[in-house]
Each structure stands twice: as C-alpha cells, then as structure tokens.
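Single-structure report; data block below.
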Amino acid sequence: MTQDEDRSQDRILFHLKTRGSQTAADVGSRLDMTSAGARQHLVKLETAGLVESEDRREGRGRPRKYWRLAPRGHERFPDRHSDLTLDLLRSMRDVFGERGLEQLIEHREHASIVDYRKLVGERRSLQQKLTALAEIRSREGYMASVAKDTRESFLFVENHCPICAAATACQGLCRSELAIFRAVLGADVTVERIDHILAGARRCAYRIGKRQQ
C-alpha cells in the first residue's frame, strides 16, 4: 500500500468513527473522492476487517450499501493502555473492596471538576462553556464536538471513549462522567445522556440545555 492510500484509508476510518454509517457516495463527497474511489478503499478496509457493510432498503429501488467501523476498526483509536487500566482496577477492587474503588472514582471526579471549572467556569454563555468543554475532552481523546439541537438545547457528542475498557469493567466511571458535566455546567443546566457506547451506541451523546424556570 502506498503512503497516499494509507493516508486516505486513515481519513475514511476517522470519518466513519465521527459520522457513523455512511454510503460510499457520502464518504467520497466529504473527503473529496469519487464514489468509486471511496468504494475501492472501503472494500480494501472490509477485507482487512476494519469496516463492515450492510444493505438498507430506503423506499423503492435497490438497497443502498452503508459502511461502518468493525470492532477492529474501533481498536485503531487510542484506548489509554486498557490492559494496564483493567489490571489496576481489578487490583484496587481486590485490595480495597468496592468501597475503595468508589472512593477512587470520587477522588477522580472531584479533581476533574476542579480542573474543568478553571477552563470552563468563567465562560458566559452555555455554548461557550460547551465549546471549551469539547476542546478539553478532545485533548483527552474523546473526539468531542458540540452542535445546536433545538432552540433551547445543544447536543454534546463524544465519538470515542478512550477509557471504554475501564468503564465496561467499572460502571461507576460512566456515572461519574455524567456527574462531572452537571457540576461543571452548573445547577441551572440540564444534562441528559441520550446515546451510550456501553449500551451499544457508536458514540456517547448528551442533550444539554438551560433548566426551565
């Protein structure tokens, strides 16, 4: 494989990671390729076990083929040394019990709230706060973004979970993440998780808006 082919396929993997299932035409349009060129790359990625496809019938006519990341494709993105993390969590539970593990999560939660508030707390509008939070989380590997949802709310999306293996083994981490967002954004803001990677979604997503008076 040439360097250009490798770079193009990395771009396609990143695109599917952040956008979800796409047709070859969608991929080509976004990445400035022809549909045929995008399809050729996708077929090679499927052969390598990095993507998978399914046919969807949409109204009349022939089904359309949609492409998405396969489990091996998701593994191409950072996982923060999941094996070591899992080993440490198991050791913590064995030595200190469930209560000790909860105390560790609580300590991490409080430290994260303090750190995030330093960068987010002084922003005036909710959109500014969410933009700052997305920048922080992206630096931590969550591939975060924020978009307008309705007139009163925003959609905060994390396309990757760098601590997914740890969160699978310790559900308290996900509960803590939600508590961190609520604490940092303030009591006048509602935060609702609407998509969850651990529940089978391709991303974690939150609907966030001002609390109704």
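In this rough spin-label picture, where each label sits 7 Å from Cα along the Cβ direction, the THR2-HIS110 distance is 5.8 nm. Given their separation in residues at 0.36 nm each and the Cα-Cα distance between them, VAL43 and ASP149 gain 34.7 nm when the chain is fully extended.
Modelled spin-label separation between THR34 and ASP55, with each label point placed 7 Å from Cα along the Cα-to-Cβ direction: 2.5 nm. The fraction of Cα-Cα pairs per 10 angstrom bin, counted from 0 for region 1-65, comes to 20, 57, 19, 3, 0 percent, rounded to whole percents.
Extension gain for VAL95 to ALA199 (0.36 nm times residue separation, less C-alpha to C-alpha distance): 34.5 nm. For the chain, the longest principal axis of the Cα atoms and the long axis of helix 126-139 meet at an angle of about 70 degrees.
Using only DSSP helix segments of four residues or longer, with each worth -39500 (n - 2.57), what per-residue ellipticity at 222 nm results for the chain after dividing by its residue count and rounding to 500? Roughly -17500 deg cm²/dmol at 222 nm, from the helical runs in the chain.
Roughly how large, in nm² to one decimal, is the mean projection of the convex hull of the alpha-carbon atoms in the chain?
If you wrap the Cα atoms of the chain in a convex hull and average its projections, you get 15.2 nm².
Across the chain, Cα pairs under 8 Å and at least six residues apart give a relative contact order of 16 percent. If you plug the beta carbon distance of ARG117 and SER138 into 1/(1 + (r/R0)^6) with R0 = 22 Å, you get a FRET efficiency near 0.75.
Here, each number is a calculation from the coordinates, and none is a lab measurement. The structure presented is a predicted model; accordingly, all values stated were derived computationally and were not measured. Every residue, glycine as well, gets a Cβ built from its backbone with ideal geometry; the counts of neighbours run over all protein chains shown.
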